[in-house]
Amino acid sequence: MDKNKRIILDVDTGIDDALAILFALKSKGVKVEGITTVAGNVSVEQATFNTLQVIELADAGYDIPVAKGADKPLFRDWQGPVAHIHGENGIGNVTLPIPLKIPLDEGAGDFIVRKANELEKELTIVCVGRLTNLAIALAKDAELPSKLKEVVLMGGAVRVPGNVSPVSEANIWGDPEAAHVVFESGLPITMVGLDVTMKTVFKQAHLNLLTANMNETNKEMIKFIDHILQFRFNAYQKSTKLNGSPLHDPLAVAVALDPDLVEIEPMLVKVETKGKLSSGATVADLRGVQLDRTNASVCVRVQANRFIERFISVLTGEEGR
Ligand code: RIB
Ligand code: CA
């Protein structure tokens with residue numbers, strides 16, 4: 001585990017985003033420099049509110065600024081919320097206390113550019129929603145690719161089906177033009193797509209391990225996790241017959257902190273922005289022909305059990321003990 005990671009999380013909070021935020025804030029050896037929000041699972045207003053609530057629940061012991069970002073995709077209308085998967089409020093209809101903090105005056109794109117300049121080459125951006133904010137940041141600063149250490153994004157599907165359409169994953173499908181900009185930008189991208197996240201199914205037995213380790217310090221957070229995951233288990237059972245919930249967004253955070261959890265293949269990934277049936281597909285050239293470039297390190301295998309163990313140990317405060 002890299003002990004000196006500095007990350008910005010870009011989220012559309014969302015059940016799995018909430019889990020990713022808690023996992024990042026409770027992980028040792030990482031400083032979350034800020035969290036930027038985007039419309040996706042819920043409106044950007046709701047995502048920002050949820051994010052502030054989840055940060056306060058985590059009680060990380062340091063200040064985490066929140067910058068509100070895009071309220072819609074670059075060139076399309078926002079299609080949401082996704083209430084059947086995330087609940088009416090995005091966090092499984094759980095009511096958390098009204099947050100004491102408010103977002104920055106600065107927008108997400110400006111925040112990303114400023115932090116990239118301040119932390120030149122040290123900053124990793126972990127995007128677990130639509131890529132709209134990162135595309136906007138690239139439009140504001142064309143030098144961004146050389147200033148960031150890495151972009152780890154949860155999105156796409158290469159050798160497996162999509163989840164919003166037969167071929168498209170939600171985060172790419174939700175703003176394919178932004179995803180196209182990001183994949184063509186020259187940013188150092190690690191793609192954590194459905195090829196690996198669908199292997200990280202968190203089940204009731206895992207949740208039992210979390211709740212069994214509830215104590216005075218972590219009680220409110222573990223109760224929240226229990227509620228949102230119960231909501232998610234029911235939602236997935238109804239819509240996909242899946243027994244459990246893939247940890248899409250937490251896996252992206254985990255890969256940013258510990259790349260050894262996955263195996264990667266360098267690929268040339270192009271984003272379909274037009275297709276009637278395939279809009280939002282991430283098309284990788286798998287023919288085995290000589291390519292003149294690649295643009296992403298695509299995660300193709302994951303040590304799912306090791307990741308889930310880490311997820312549980314971080315959230316129960318047992319990490320490294
Ligand atoms: O496809 C899964 C992704 O879509 C997750 O990031 C989820 O939160 C939604 O944004
Ligand atoms: Ca998300």
Checked against (1) buried (at least 24 other Cβ atoms within 10 Å of the Cβ); (2) more than 15 Å from ligand 1 (Cβ to nearest atom); (3) not in a strand (DSSP E or B), ASP16 satisfies every condition except (2)
Checked ALA139, ALA157, ALA170 against criteria (in contact with a helix residue (DSSP H, G or I) (Cβ under 7 Å, 6 or more places away or on another chain) and either among the small types (Gly, Ala, Ser) or crowded, with 23+ Cβ neighbours inside 10 Å (or both)); the one match is ALA157
Scanning the range 261-290 for residues that are charged (D, E, K, R) and in a strand (DSSP E or B), the one surrounded by the fewest Cβ atoms within 10 Å (Cβ to Cβ) turns out to be GLU263
Listed by first then second residue, the pairs whose first member lies in the range 229-250 and is touching a residue at least 12 places away in the same chain (Cβ under 8 Å) and charged (D, E, K, R), whose partner is within 13 Å of ligand 1 (Cβ to nearest atom) and part of a strand (DSSP E or B), with beta carbons under 7 Å and at least 6 positions apart or on separate chains, are ARG232/SER245; ASP249/MET154
Residue hits (the range 123-141; under 21 Å from ILE15 (Cα atoms), in a helix (DSSP H, G or I) and in contact with a strand residue (DSSP E or B) (Cβ under 7 Å, 6 or more places away or on another chain)) are ASN133
**OP:** Consider LEU25 carefully, then state whether it is more than 13 Å from ligand 2 (Cβ to nearest atom) and within 14 Å of ASP249 (Cα to Cα).
**Re:** yes
Among LYS31, LYS68, the single one that is at pLDDT 95 or above and more than 30 Å from LYS274 (Cα to Cα) is LYS31
Restricting the range 142-154 to residues that are in contact with a helix residue (DSSP H, G or I) (Cβ under 6 Å, 6 or more places away or on another chain) and in a strand (DSSP E or B), the one farthest from ligand 2 (Cβ to nearest atom) turns out to be VAL152
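The values are calculated or read from the model by the stated rules, or taken from the named source; none is laboratory data. Computed from a prediction, not measured in an experiment: that's the story for all the values here. We place every Cβ from the backbone using ideal geometry, glycine too, and count neighbours over all the protein chains shown.
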